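A short worksheet on the structure shown next.
The values are calculated or read from the model by the stated rules, or taken from the named source; none is laboratory data. None of these values were measured; they are calculated from a predicted model. Positions of Cβ are backbone-derived with ideal geometry, glycine not excepted, and every protein chain shown enters the neighbour counts. For accessibility, only protein heavy atoms count, side chains too; no ligands or nucleic acids. Shrake-Rupley method; radii C 1.70, N 1.55, O 1.52, S 1.80 Å.
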Amino acid sequence: MNLSNKKEFVADFAVCLKETQISILVDYKGLNVESMTQLRSELRKEGVQLAVVKNTLLGMASEGTDTALMKDFFKGPNAIATCKDDPVAPARVLVKFAEDNDKLEIKAGTMNGKVLSVDDIKALAKMPSREVLLAQLLSAMNGVPTGLVRVLSGVPRAFMTVLSAISDQKEAA
């Protein structure tokens, strides 16, 4: 890359880093091309971008973003996974892939202005996806009116049961 290409790349990547909800830095040293292609494919299915960027360019592009909080980890061969929509997706895919491939090392991440440790990323990966959380919320919201209707319909039903019992009692007498 010549200097003008580097400047253009840094500007474009800085915009990408500003728009992301989460960024996770990984060490990919030792992974072969087939494994990297598989990882990229799995991440792409979840709407996650994986970029292999030189540390100096990553440092320049991350200025003024949450990703700049990880500057201490910008050593060695790094790849950065970013996602605009679902912060759980990259964590889930990377943790699962790292369990299967011990050569992929998760270094750190950033989300909402905070640095995430490897343990934080693993905990994030265990969370349900956005769709599951929305379904649970909808179920809870739907349960409140249903319960209210059951309670309100219980009063007339109980009243009818009492009237029926009184009617049966008067018929028997």
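Nearest 10 degrees is fine. How inclined is helix 3-19 to the longest principal axis of the chain, computing both from alpha carbons?
20
Angle check, please: helix 130-172 long axis (alpha carbons) against the longest principal axis of the chain (alpha carbons), in degrees 0 to 90, nearest 10.
Once rounded, the angle reads 10 degrees.
Please give the calculated 222 nm ellipticity per residue for the chain, where each DSSP H segment of at least 4 residues contributes -39500 (n - 2.57) and the sum is spread over every residue; nearest 500 deg cm²/dmol?
-19500 deg cm²/dmol
Less than 14 Å Cβ to Cβ from GLU99, Lys/Arg counted +1 and Asp/Glu -1: what total charge do the surrounding residues give?
+1
With respect to the cross-link table entries LYS54/LYS96; LYS6/LYS122; LYS7/LYS122, which display a Cα-Cα separation exceeding 27 Å?
The answer is LYS6/LYS122; LYS7/LYS122.
Note down the relative contact order for the chain as a percent, whole number, built from C-alpha pairs under 8 angstrom at least six residues apart.
This gives 26 percent for the chain.
Give me the log10 of I(q) over I(0) for the chain at q = 0.08, 0.09, 0.15 Å⁻¹, as the Debye formula computes it from C-alpha points; what are the numbers?
-0.39, -0.44, -0.86
Write down the accessible area per residue of the chain in Å², having rolled a 1.4 Å probe over the full set of protein chains.
For the chain, the solvent-accessible area averages 63 Å² per residue.
Could you check how much of the accessible area of the chain is carbon and sulfur, as a whole percent, using a 1.4 Å probe?
Answer for the chain: carbon and sulfur cover 58 percent of the accessible area.
Using the alpha-carbon centroid of each, what span in Å lies between the range 92-159 and the range 62-90?
Measuring centre to centre over Cα atoms gives 23 Å.
Just in the range 44-127: which trypsin sites (Lys or Arg not before Pro) are loop by DSSP and have at most 11 other Cβ atoms within 10 Å?
Listed in order of number, the matching sites are LYS75, LYS126.
Looking at the chain as a GNM with Cα springs under 10 Å, which of VAL93, VAL151, VAL53 has the largest mean-square fluctuation?
Among VAL93, VAL151, VAL53, the largest GNM mean-square fluctuation belongs to VAL151.
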